[in-house]
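The values are calculated or read from the model by the stated rules, or taken from the named source; none is laboratory data. None of these values were measured; they are calculated from a predicted model. Heads up, the Cβs are rebuilt from the backbone with ideal geometry, glycines too, and the neighbour counts pull from every protein chain shown. Heavy atoms of the whole protein, side chains included, go into the accessibility calculation; ligands, DNA and RNA do not. Shrake-Rupley method; radii C 1.70, N 1.55, O 1.52, S 1.80 Å.
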Amino acid sequence: MWDFSTDPEFQAKLDWMDTFVREEVEPLDLLFPSGGAPYDVSDSAARAILRPLQAQVKERGLWACHLGSELGGQGYGQLKLALMNEILGRSYWAPTVFGTAAPDTGNAEILAMFGTEEQKARYLHPLLDGEIVSAYSMTEPHAGADPKEFTCRAYQDGDGWIIDGEKWFTSNARYAEFIIVMAVTDPYARPHERLSMFVVPADTPGIEIKRNVATMAERDDLDEGIHAYIRYDHVRVPADALLGGPGEGFRVAQARLGGGRVHHAMRTVGQCRRAFDMMCERALSRRTQGERLADKQAVQAFIADSWIELQQYRLLVLNTAWTIDTQPHGAARTQIAMCKVAMAKVYHDIVQRALHLHGSLGTTHETPLAGMWMSVPALALADGPTEVHRTTIAKQMLRRYQPAEGLFPTEHIPPRLAAARERYASILEEHGVEERVR
């Protein structure tokens, strides 16, 4: 049966997390606001603050809860993770504090499933302990995230592999200890069997970061970019660098990206709630034309529409998480795509209203709203453009239907009315209402 309650023991954990993130973690966002700051393990000041916070999380049994107990986590299902990520979504640093930062989470799962024991010792365990960070190198400058258009090649050479080509937007490569690279190993195979995945040490000769690209929220002149444009110039890796079998890169990637997409959605709920909280506080605090903003009908509409949209989106995310937990693998594919499509629009609309109510202050970097606003376009593109996921949803929905038989639609009234008259003819005649329905 349906149940929208949370058991008291887990609710107590959520309550602790909420207070902890607001009071202890959000200050890190202010002290170290750079997009790459949570991944820069060389920043001694940031790490000196971070490590005690991570220790508290571990003591509470809330570290890397998406992982099984064999990897130091709690093995929580997606529904519990959704409730946790709503809270973590408030802060850019929070995922690092709780051992759930992307792309490290997905990369850890790949290594746990496909890595050798040596790779697990060298990379997985330090990654799980928060001692190193990693990068995921998939998209390409001419192809974006479309694997059918990838040209970065990997070919066997002696007892190893050579990787040759370019990759675009490899986040955090400048800080990474290793990079997981997707490359074409059989260009003549079927689209989903052309690609393979490799674990590559970041210091391997031939890896050239052409530049670290700054997004609209960062500055090139201050070297704030964290998304690397990389050239792999005949990069040699051993045979065991291959993760999974040849041609299995797409399968491995999908296993990784599905969880990442829904976790983005979960954290976006938290960001939307933070913007909504700011909107309501502003409405009650600011006066104009002799009354509070909260007394203006237009502002009331802003608040009502935002709350409705946020609750609708939150229920979609929670239902998706529930489906992942309780239904066969793949059953939530359409719902994950729905979360991805709705995510950027809900975030855009709520942040835009909150920013508008803050007036000129909302356009400055003196509140979190400007940073939220600048992240909207990236959110619509992360893990695949919104348009691609809309197509997925439409195709999945259409598979449930059949074309109408004959010239008119199934809901065409004249034949349905005739069938209803025929079915109940005797009763209609007995009660003298036959003519009434002609």
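On the basis of being more than 21 Å from the chain's Cα centre (by Cα) and not charged (D, E, K, R), does His389 make the cut?
Criteria not met by His389.
Between Leu67, Leu62, the distinction of being open to solvent by less than 30 Å² (accessible area, probe 1.4 Å), in a loop (DSSP other than H, G, I, E, B) and modelled with pLDDT under 90 belongs to Leu67 only. For the stretch 424-438, residues that are open to solvent by 100 Å² or more (accessible area, probe 1.4 Å) and at pLDDT below 85 total 3. Taken over the stretch 74-106, the criterion of being at pLDDT below 95 and among the acidic types (Asp, Glu) is satisfied by Asp104 alone.
Any idea how many residues of the stretch 129-173 are part of a strand (DSSP E or B), open to solvent by less than 20 Å² (accessible area, probe 1.4 Å) and at negative phi? Step through it out loud before you land on a result.
Just the residues of the stretch 129-173 that are part of a strand (DSSP E or B), to begin with: 134-137, 140, 144, 153-157, 160-171.
Add one more test, that the residue is open to solvent by less than 20 Å² (accessible area, probe 1.4 Å), and what stays is 134-135, 137, 140, 154, 160-163, 165, 167, 170.
From what is left, the residues that are at negative phi are 134-135, 137, 140, 154, 160-163, 167, 170.
Going through the stretch 129-173 one residue at a time, the tally reaches 11.
With respect to the stated conditions, Trp373 fails to be more than 30 Å from Pro27 (Cα to Cα), assigned to a helix (DSSP H, G or I) and either open to solvent by 60 Å² or more (accessible area, probe 1.4 Å) or without any contact (Cβ under 8 Å) to a residue 24 or more places away in the chain (or both).
Taking the criterion of being of a type in the set (A, V, I, L, M) and out of contact with any helix residue (DSSP H, G or I) (no Cβ under 8 Å at 6 or more places or on another chain), the only residue of the stretch 24-44 that qualifies is Leu30. How about the stretch 207-255: which of its residues are open to solvent by less than 30 Å² (accessible area, probe 1.4 Å), on the phi > 0 side of the Ramachandran plot and modelled with pLDDT of 90 or more? Once the filter is applied, which keeps residues that are open to solvent by less than 30 Å² (accessible area, probe 1.4 Å), on the phi > 0 side of the Ramachandran plot and modelled with pLDDT of 90 or more, the stretch 207-255 yields only Gly247. Of all residues in the stretch 174-200, those satisfying the criterion of being open to solvent by 10 Å² or more (accessible area, probe 1.4 Å) and hydrophobic (A, V, I, L, M, F, W, C) are Ala176, Ala189. Which count do you get for residues in the stretch 334-346 that are open to solvent by 10 Å² or more (accessible area, probe 1.4 Å) and either under 19 Å from Met397 (Cβ atoms) or more than 16 Å from the chain's Cα centre (by Cα) (or both)? Number satisfying all stated conditions: 7.
The residues of the stretch 85-122 that are open to solvent by less than 40 Å² (accessible area, probe 1.4 Å), small (Gly, Ala, Ser) and in a helix (DSSP H, G or I), listed by number, are Ala94, Gly106, Ala108, Ala112.
Could you grab me the full set of residues in the stretch 335-353 that are more than 18 Å from Ile87 (Cα to Cα) and either in contact with a Lys or Arg (Cβ under 9 Å, 6 or more places away or on another chain) or among the hydrophobic types (A, V, I, L, M, F, W, C) (or both)?
Just the residues of the stretch 335-353 that are more than 18 Å from Ile87 (Cα to Cα), to begin with: 335-338, 340-342, 344-345, 348-349, 352-353.
The answer is Ile336, Ala337, Met338, Lys340, Val341, Ala342, Ala344.
Can you tell me which residue among Asp186, Asp220, Asp240 is free of Cβ contacts under 8 Å to residues at least 12 places away in the same chain, more than 24 Å from Thr100 (Cβ to Cβ) and not polar (S, T, N, Q)?
After ruling out the rest, the residue left standing is Asp220.
To keep it simple, each residue is scored yes or no on (1) in contact (Cβ under 8 Å) with a residue 40 or more places away in the chain; (2) touching a helix residue (DSSP H, G or I) at 6+ places or on another chain (Cβ under 8 Å); (3) not polar (S, T, N, Q).
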| site | (1), (2), (3) |
| --- | --- |
| Ala82 | yes, yes, yes |
| Ser91 | yes, yes, no |
| Thr100 | yes, yes, no |
| Ala108 | yes, yes, yes |
| His142 | no, yes, yes |
| Lys148 | yes, yes, yes |
| Ala173 | yes, no, yes |
| Ile179 | yes, yes, yes |
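To keep it simple, each residue is scored yes or no on (1) at pLDDT 95 or above; (2) surrounded by 17 or more Cβ atoms within 10 Å (Cβ to Cβ); (3) among the aromatic types (Phe, Trp, Tyr).
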{"residue": "Ala298", "(1), (2), (3)": "yes, no, no"}
{"residue": "Ala301", "(1), (2), (3)": "yes, no, no"}
{"residue": "Ser306", "(1), (2), (3)": "yes, yes, no"}
{"residue": "Leu315", "(1), (2), (3)": "yes, no, no"}
{"residue": "Thr323", "(1), (2), (3)": "no, yes, no"}
{"residue": "Thr326", "(1), (2), (3)": "no, no, no"}
{"residue": "Ala332", "(1), (2), (3)": "no, yes, no"}
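Looking across the stretch 382-423, the residues that are open to solvent by 100 Å² or more (accessible area, probe 1.4 Å), assigned to a helix (DSSP H, G or I), under 19 Å from Ala331 (Cα atoms) and without any contact (Cβ under 8 Å) to a residue 24 or more places away in the chain come down to Lys395, Leu398.
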